[in-house]
Protein chains: 2
Amino acid sequence: MSRPTIQSPERGGARIRLLEAARDIIRAKGFAATSVDDLCKAAAVTKGAFFHNFGSKDALGVAAAEFWAETTSGFFAAAPYHDPADALERVLAYVAFRKAIIAGDLPEFTCLVGTMAQEVYSSSPDIRDACGRSIFGHTATLEADIETARRDHGITGNWTAESLARHTQAVIQGGFVLAKAGNSPDLARESLDHLDRYIRHLFHVTEEDET
Amino acid sequence: MSRPTIQSPERGGARIRLLEAARDIIRAKGFAATSVDDLCKAAAVTKGAFFHNFGSKDALGVAAAEFWAETTSGFFAAAPYHDPADALERVLAYVAFRKAIIAGDLPEFTCLVGTMAQEVYSSSPDIRDACGRSIFGHTATLEADIETARRDHGITGNWTAESLARHTQAVIQGGFVLAKAGNSPDLARESLDHLDRYIRHLFHVTEEDET
DNA sequence: CAATACATACCATACGGTCGGTATATGTCA
DNA sequence: TGACATATACCGACCGTATGGTATGTATTG
């Protein structure tokens, strides 16, 4: 871990440690309830480092949403649900994958940007928009597979790939809300079963046994 | 507006004005970002009144969730979607009704308890549980119609009425998250169209044209 | 007279943010 | 090569304010 240089200004250890702390703490406590001191303590840096890297707490929120977008898009790009040759199978594999990664404690699998957007959409448009870019950027990656599947299977319904991709996100986000309200990850998984069934219905695919 | 009496202690004007203020402000700013002073100012009462009626800010959060449960259950009980004789039609009318009431600005139609649960599920179990009771108490009112519809239409799928009722809530809550992230109510309505289509699929009903 | 339903003044602290300082790395020019 | 200027990354003390909460007083009601 060398010291940061002028060529690689992102190399500053404090910045990413703060972003990782933000990812973990904000998912558990929410943005407003997370203090700058909380973040500094968790990242083992001082306030000076915080305000050197981020001009304000709001700026940290925006950066955290962007950091989330980067890391999750890498995570999903490397995930195995892209393997099937058939586009529809990839879409169904995506849903199964989203279900499979719901494991452990709630703050570990819930969505940072969904939580933040819900909380600050009115008071901090910058954070809200950064969260929106993360969410809708992700739906865009699904949209291509859905559209391909739709064409390959000759499906002509009163819906668009874009809309179904967004609905998929809505189901996932809504599942998280219920899981938190009911304090049980099962509630998030449950809705993904319905989503799976819905997509199979849309594509006239017979339902598989669910595990 | 008489003074509260010992026979009707709920008659205190400050209490309900504070609860109404909480309902409106927390939906816009979130629970943590809403200060006690904010609420007192909006309700035109003093801090003394606040802490007389609620022992703490957390207690106000619990009371606000319970207030929400009461008012919304009254609202939905009086709604016209209960009119159809056929249970399935009532379920579909419910979805249509949920779509219809998505109007105006975001804080006016989004769900207080969904927002609060998402925010405080970890730091304030009391509020979280009160939110959970509100949400799952509402799904229970749908469950009966779904179960009746299922029996009347002789549907035997790999799902339960309870689960579909919860899924309905998940779609609604998720729609709110996307609507906030994208700053557009249309995103909440969109998912309800998918939900409508899903339910019709489950009950083998031909799709109607959507407005 | 006792209980309720407030009002007002006050308090300790936690909060976001600022500021002056220091250590290290890099470019450059004699 | 080395001295110097400059920029970056970070430290830690400090500040003004906002926050949740309290203590005391008072008008009204049964």
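The values are calculated or read from the model by the stated rules, or taken from the named source; none is laboratory data. On a predicted model such as this, the values are computed, not experimentally measured, just so you know. No Cβ is skipped: glycine too gets one built from the backbone with ideal geometry, and neighbour counts run over all protein chains shown. These area figures cover heavy atoms from the full protein model, side chains too; ligands, DNA and RNA do not enter into them. Shrake-Rupley method; radii C 1.70, N 1.55, O 1.52, S 1.80 Å.
Quick rundown of the values:
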quantity	calculated
Average accessible area per residue (Å²) across chain B - probe 1.4 Å, nucleic acids and ligands excluded	44 Å²
Total charge dipole magnitude, the protein assembly as shown, about the Cα centre, Cβ charges on Lys, Arg, Asp, Glu only, Debye to nearest 20	1760 debye
Cα gyration tensor of the protein assembly as shown - equivalent ellipsoid semi-axes, whole Å, descending	35, 33, 16
Angle between chain A longest axis and helix A:186-202 axis [Cα atoms, degrees, rounded to 10]	40 degrees
Angle between chain A longest axis and helix A:87-100 axis [Cα atoms, degrees, rounded to 10]	50 degrees
Interface area, B with A, accessible, probe 1.4 Å, both sides summed, Å² nearest 100	4300 Å²
Charge dipole (debye, nearest 20) of chain A; +1 at Cβ of Lys and Arg, -1 at Cβ of Asp and Glu	900 debye
Share of carbon and sulfur in the accessible heavy-atom surface of the protein assembly as shown [1.4 Å probe, %]	52 percent
Cα lying deepest toward the dipole's positive end in the protein assembly as shown, options A:203, B:179, B:36, charges on Cβ	B:36
Given charges at beta-carbon only (K, R positive; D, E negative), |dipole| of region A:7-90 in Debye	480 debye
Under Karplus coefficients 6.51, -1.76 and 1.60, residue-wise ³J(HN,Hα) of region B:134-140 in Hz, glycine/proline x	5, 5, 6, x, 6, 4, 4
Size descriptor, Kirkwood hydrodynamic radius, that averages inverse alpha-carbon separations across chain B, Å	18.6 Å
Angle between chain A longest axis and helix A:161-182 axis [Cα atoms, degrees, rounded to 10]	60 degrees
Charge-dipole axis of region A:58-202 as Lys and Arg at +1 and Asp and Glu at -1 on Cβ define it, positive-most pick from A:192, A:131, A:120	A:192
